[in-house]
Amino acid sequence: MRYVDEYRDARTARALATEIAGLCEPGRRYTFMEVCGGHTHTIYKHGIEDHLPEQVTLVHGPGCPVCVIPMGRVDDALHIARQPDTIMTSFGDMMRVPGGRESFLDAKAAGADIRMVYSPLDALRIARQHPDQRVVFMAIGFETTAPSTAVTLLRAAAEKLDNFSVFCNHVTIIPAVKAILDSPDLRLDGFLGPGHVSTVIGCRPYGFISAQYGKPLVVAGFEPLDILQSVHMLLRQLTEGRCEVENQYARVVPWDGNARALRALSEVMELRPYFEWRGLGFISHSALRLRDAFAAYDAERIFDLPGVRVADPKSCQCGEVLKGVLKPWQCKVFGTACTPETPIGTCMVSSEGACAAYYNFGRFSRSSVREAART
């Protein structure tokens, strides 16, 4: 295949759907979790659920990097942004994420100098342009975006830019998946592995899922036929009695990952002892922090942060959505008090959030119709 239309061919999709139905064992139900928020959006946008048999259910995992940031970390970032002579920079999808009382956009409207950037290198450029101010980059994301932060810090160190720092909130996917597997709330038959993360870490780290938990995983691409083929591969494994890690996204994902990106990460960052995830609580060794050699660029060491834990609003059920326990429309405030214009939880804010995906694309999906019929 050479063109994107080939990955969206309706005839091929129908053929795959027929094969998927043929692989389903009569009377058995299958639940697969797509870990990545990008997969969730493809599923809703292109109506993938409507091509699957009733026996197959897709649930959403904690693969949205914005969605898993707890309110306390947002409040710490806002504290930094309010400091004199400080410029806070952030990706656009963080701008409306609610903290305990306000978001970046609220603080910006109140006078804080908070700027949206498309890359940490943009933040570095701002630091060069404003040598008399402290410039902080709000670093978020899984292993997908962490290498770009690491490379930026290496460049800042080489240039000796002492007014640049990073507030590091990078998280790692493997401990989150393990926390899901250890949770008593959900029983899964397999995983659609995250494509973007896997371009960096490869497929090998997922081996414990099949070896220790007996669940198959297929690293999946982001086009409709990628998702359908990945579901087909999972069902074929279960039908044949296999339990392996397979790579459907081999056109992009190398089995052993990106060695240069992993070296940059290893040089600049190390695992934290523990980190709080929205909906999942504290998970050991699940996030990254800067090594001591880069302490001069670590906003957590430069600024005196409150570090206060902030509970999510009681009406918000983002945690259950992130764990795959609830579908977005099952949340009590979905589409009423909580919308993309007035979000209560991060799942409705982020472009990769499951609630935003369903709100924008999935109002008439098969699952929502069934749910409405039952209620």
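The values are calculated or read from the model by the stated rules, or taken from the named source; none is laboratory data. Model, not experiment: these values are computed from the prediction. Because the Cβ atoms are built from the backbone with ideal geometry, glycine has one as well, and the counts that use them run over all protein chains shown.
For the reader, a short list of remarks on this structure follows.
- The one condition in (1) surrounded by fewer than 24 Cβ atoms within 10 Å (Cβ to Cβ); (2) in contact with a strand residue (DSSP E or B) (Cβ under 6 Å, 6 or more places away or on another chain); (3) under 18 Å from PRO70 (Cα atoms) that ASN163 fails to fulfil: (3)
- Subset of region 162-184 [outside any helix (DSSP H, G or I), under 18 Å from LEU271 (Cα atoms) and out of contact with any helix residue (DSSP H, G or I) (no Cβ under 8 Å at 6 or more places or on another chain)]: VAL171, THR172
- Hits in region 35-69 - residues which are part of a helix (DSSP H, G or I) and either at pLDDT below 90 or under 25 Å from ALA139 (Cα atoms) (or both): GLY37, GLY38, HIS39, THR40, HIS41, TYR44, LYS45, GLU49, ASP50, HIS51
- Selection within region 101-145 - among the basic types (Lys, Arg) and either in a helix (DSSP H, G or I) or closer than 30 Å to ARG260 by Cα (or both): LYS108, ARG115, ARG125, ARG128, ARG134
- Residues satisfying the criterion are absent from region 270-278 (criterion: farther than 17 Å from PRO62 by Cα, out of contact with any Cys (no Cβ under 8 Å at 6 or more places or on another chain), exposed (fewer than 14 other Cβ atoms within 10 Å of the Cβ) and touching a residue at least 40 places away in the same chain (Cβ under 8 Å)).
- Residue match in region 311-334 (condition: crowded, with 18+ Cβ neighbours inside 10 Å, touching a Leu at 6+ places or on another chain (Cβ under 6 Å) and modelled with pLDDT of 85 or more): no
- Meets criteria (farther than 20 Å from GLY72 by Cα, among the charged types (D, E, K, R) and more than 22 Å from the chain's Cα centre (by Cα)) for ARG236: yes
- Only one entry in ALA296, ALA337 is over 16 Å from the mean Cα position of the chain (by Cα) and assigned by TED's automatic domain parsing to the domain that holds LEU105, namely ALA296.
- Residue count for region 148-167, restricted to those that are touching a Ser or Thr at 6+ places or on another chain (Cβ under 7 Å) and either touching a residue at least 40 places away in the same chain (Cβ under 8 Å) or under 17 Å from ARG128 (Cα atoms) (or both): 1.
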